[in-house]
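The values are calculated or read from the model by the stated rules, or taken from the named source; none is laboratory data. If you're wondering where the values come from, they're calculated on a predicted model, not measured in any experiment. Here the Cβ positions follow ideal geometry from the backbone for every residue, glycine too, while neighbour counts run over all protein chains shown.
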Amino acid sequence: MTLSRRRSSCFYCAAFLPLVLLWSTLVSLSASPVAIADDVRVMSFNIRYGTASDGENHWERRKEFVAETIAAYDPDLLGTQETLEFQKQFLEQQMPDYTSVGVGRDDGSDKGEMTALFFKTERFELRDEGHFWLSETPGKAGSKSWDSSLPRICSWVRLKDRQSDAPREILFINTHFDHRGQQARNESAALVMRKIDELGANCDVVLTGDFNSSVTSVPYRTLFADAAESSRLVDTFAVAGTKETKGDTTISRFLSDQFAGPRIDWIATRGNWKILDAQIDRTAKEGRAPSDHYPITARLQRDGR
């Protein structure tokens, strides 16, 4: 090869090498599952009281597994139920990239269950926060009404998503309905709907919780069916969940293979959300689940309006 031809060949290699590398990168990205930047990953997780007498399933024996399960999904928004102050502190230590919000249902401070909220600090700006009780006096700490066996609480935050061009804030709410009182559950659902209208009129809403109600119940209809179409919530699992022929219960009893029974843990949305995916997370170690409820997840995306 002559010197001029060698120089010409080197010139073309140098000119086209960046294009080849760019093409290779694009092919690689298209072949791999890449999360879209403004996807919002949501998890709801009843972690079971840390003081419960659960023998081999006691909190001290499973708390790292709970944290590992959360980390594996890497939620942007996490709502936990049956969370006591020392459990919240443990999760805060395990999740340094998150901001947490939550108060005890007994006194509005640190006594009793918290329906704690966790959100990624770098991604979300906290605009407002608050709590209300599921009672006829929702502003009174520790209050209960109807046939509720215990005080029940709902915590909320309003967030600005720094990764999204969507102009609306996110109202993120987390709650736990009473396990005994049917009237209390019915009235709690109606109260939550009123509070969503009050707090989130111009927000895209995410609601997480353990509702202690089946999908044929009055609370379910109140949240997802009976309201006007513009006000009702959307059940993410009903839209995009992976259904099992054996059932879709969210009650694990600390076992990995529970399917029969009610789906009482829900993630709901309202507003400009597209529901990309929803799952019941049956993560297990040696046949044991991290809690007596399965965590549930949903992957959401806003349309920018």
Complete set of residues in the stretch 123-162 that are crowded, with 20+ Cβ neighbours inside 10 Å and of a type in the set (Phe, Trp, Tyr): Phe124, Phe132, Trp133, Trp156
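So that you can scan it fast, the table gives a plain yes or no per residue for (1) over 19 Å from Ser213 (Cβ atoms); (2) small (Gly, Ala, Ser); (3) more than 17 Å from the chain's Cα centre (by Cα); (4) surrounded by 15 or more Cβ atoms within 10 Å (Cβ to Cβ):
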| residue | (1), (2), (3), (4) |
| --- | --- |
| Val234 | no, no, no, yes |
| Ala240 | yes, yes, no, yes |
| Arg253 | no, no, yes, no |
| Gly261 | no, yes, yes, no |
| Asp265 | no, no, no, yes |
| Gly271 | yes, yes, no, yes |
| Leu276 | yes, no, no, yes |
Criterion: in contact with a strand residue (DSSP E or B) (Cβ under 7 Å, 6 or more places away or on another chain) and either outside the structural domain of Asn46 (by TED's automatic domain parsing) or under 22 Å from Glu68 (Cβ atoms) (or both) - qualifying residue of Arg127, Arg105, Arg123: Arg123
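Okay, residues lined up against (1) more than 27 Å from Gly261 (Cβ to Cβ); (2) assigned by TED's automatic domain parsing to the domain that holds Leu78; (3) in a loop (DSSP other than H, G, I, E, B):
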| site | (1), (2), (3) |
| --- | --- |
| Asn174 | no, yes, no |
| Asn186 | no, yes, no |
| Val192 | no, yes, no |
| Glu198 | yes, yes, no |
| Ala201 | yes, yes, yes |
| Gly209 | no, yes, no |
| Ser214 | no, yes, yes |
| Asp226 | no, yes, yes |
| Ser231 | yes, yes, yes |
Among residues of the stretch 285-305, those that are touching a helix residue (DSSP H, G or I) at 6+ places or on another chain (Cβ under 9 Å) and under 19 Å from Ala268 (Cα atoms), counted: 6
Pair list, Cβ under 8 Å, 6 or more apart: the stretch 254-268 residue more than 18 Å from Phe65 (Cβ to Cβ), other residue basic (Lys, Arg): Phe259/Lys246; Ala260/Lys246
Residue under evaluation Ser214, criteria (1) of a type in the set (S, T, N, Q); (2) surrounded by 24 or more Cβ atoms within 10 Å (Cβ to Cβ); (3) more than 21 Å from Gly139 (Cα to Cα), criterion not met: (2)
Meets criteria (assigned to a loop (DSSP other than H, G, I, E, B), at negative phi, among the polar types (S, T, N, Q) and without any contact (Cβ under 8 Å) to a residue 40 or more places away in the chain) for Ser149: yes
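Could you tell me how many of the residues in the stretch 83-122 are of a type in the set (Asp, Glu) and buried (at least 22 other Cβ atoms within 10 Å of the Cβ)?
Looking only at that region, the number is 1.
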